[in-house]
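> Pasting a structure here, questions to come.
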Amino acid sequence: MGEGKFDGEPHPKLCIVANLFPEDLNLVMPKGTTIADLGDVEGKRVGIAQAGSVTQVAVLRMLDAWGVNRDNMDEAELSNSQSAERLADGQIDAYFYAAGWPVAAMVQLASTKGMSLHSLTEEDLAKINEVIPAYIPSKIPGGVYEGVDSDVLTPAVSAMLVVSADQSDELIYGLTKALWNDNTRKLLDNGHAKGKQITPDTAFDGGAALGVPLHAGAQKFYKEAGLLKQSLISFPEI
């Protein structure tokens, strides 16, 4: 649709096959550090993800809702591994990174120097969702990272399998059928921890709010499998 940061650059052929899993936005801080809300990073040395990344765009919009911007914080544009290394060395006070848990660099940081994760309130999550509707409330279970024993409430953006509308219905039908196959289920369950969260029950989560249609081939499979629910009438047409 070409909104906001992408105004004037629409991608009209973009289509969804399935929502996969939430990519949680982590606010990582040194072990034992706590803050009241995102406004407390004002004046701090903060990693805001890599230049040009979607994560950085989202982080800056979120922080702006708390009155924090490039003018009143010392920002650093870093990858996740760079951020973890600099936090461990004391070169930054905190950093943001969006990814599906567990994140290897954070696992290493937690097991060596230690770290803490900021858990937002439900009110703060609602505020973020209002600013960026694509970011929805999520939770990182306690115990995922060493020393982070309590659940962490955080915003997350959905990782999605997307294709071009130019791809044939037959091809995308077969792709969708292969995704929701018993053998694929075994691979997902025995692979990365996030694999278990890729399920038909959440295949449409967040999709309608993006204004992006389901590919016709995917729609055909979901209808045949009895998975296309009434709630999907809000998906736009191709």
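> Which count do you get for residues in the range 204-225 that are assigned to a loop (DSSP other than H, G, I, E, B), at pLDDT 90 or above and under 24 Å from LYS186 (Cα atoms)?
Total satisfying the criteria: 1.
> In the range 185-228, what residues are of a type in the set (Ser, Thr, Tyr) and under 21 Å from LYS139 (Cα atoms)?
Hits for the range 185-228 are THR199, THR202.
> For residues that are basic (Lys, Arg) and closer than 15 Å to LEU25 by Cβ, tally how many sit in the range 105-158.
2
> Here is a further query. Would you be able to say whether some residue in the range 52-75 is in contact with a Lys or Arg (Cβ under 8 Å, 6 or more places away or on another chain), part of a strand (DSSP E or B), of a type outside the set (Asp, Glu) and closer than 22 Å to THR121 by Cα?
No, because not a single residue in the range 52-75 is in contact with a Lys or Arg (Cβ under 8 Å, 6 or more places away or on another chain), part of a strand (DSSP E or B), of a type outside the set (Asp, Glu) and closer than 22 Å to THR121 by Cα.
> Looking only at the range 55-77, which residues are in contact with a strand residue (DSSP E or B) (Cβ under 6 Å, 6 or more places away or on another chain) and either among the β-branched types (Val, Ile, Thr) or within 14 Å of ASN26 (Cα to Cα) (or both)?
THR55, VAL59
> Which residues, taken from the range 48-70, are over 17 Å from the mean Cα position of the chain (by Cα) and within 17 Å of ASP93 (Cβ to Cβ)?
Across the range 48-70, the qualifying residues are TRP66, VAL68, ASN69, ARG70.
> Then there's this: Among (1) assigned by TED's automatic domain parsing to the domain that holds ALA65; (2) of a type in the set (S, T, N, Q); (3) out of contact with any strand residue (DSSP E or B) (no Cβ under 6 Å at 6 or more places or on another chain); (4) within 29 Å of PHE204 (Cα to Cα), where does GLN91 come up short?
Here GLN91 meets the rest and fails (4).
The values are calculated or read from the model by the stated rules, or taken from the named source; none is laboratory data. Since the model is a prediction, treat every value here as computed from it, not as a measurement. All Cβ positions, glycine included, derive from the backbone under ideal geometry; neighbour counts span all protein chains shown.
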